[in-house]
Amino acid sequence: MLHRIRGRATAPTPSAPLPATPLDGPSYTAQVLLVAARLVGVASATDLTPAAVTYAMNIATESVLGTLPEVVAEATRAAVREVLPEAYDRETRGEYALRLREIAGRV
């Protein structure tokens, strides 16, 4: 650091440590689950089908991870696969969406 008047280097003055900054929002994994929950939750009273889950997950991963570096996107896909719940028998789309939102709140 240059001294303002003399123009020569001076030792930096100690300052308070930087405050810890919280994350600005949910993790990428949580974002994928939340987008998928919104998509699955459409027509919430109808029965959940595997095709509905696949469609929602494909759209969610592409919309959230599409612009990220491939390494980050692949790690997030793996994390989503780890926490993605199996559908219950005769579960509605709305019930599954609620479970996705609950999981998103924990990751």
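Residues satisfying the criterion are absent from the stretch 41-60 (criterion: farther than 30 Å from Glu91 by Cβ, at pLDDT below 95 and either in a loop (DSSP other than H, G, I, E, B) or of a type in the set (Gly, Ala, Ser) (or both)). If you go through the stretch 42-99 and keep only what is among the aromatic types (Phe, Trp, Tyr) and touching a residue at least 12 places away in the same chain (Cβ under 8 Å), you end up with Tyr55, Tyr96.
The values are calculated or read from the model by the stated rules, or taken from the named source; none is laboratory data. Just so it is clear, the model here is predicted, and its values are computed rather than measured. Cβ atoms come from the backbone with ideal geometry, glycine included; neighbour counts cover every protein chain shown.
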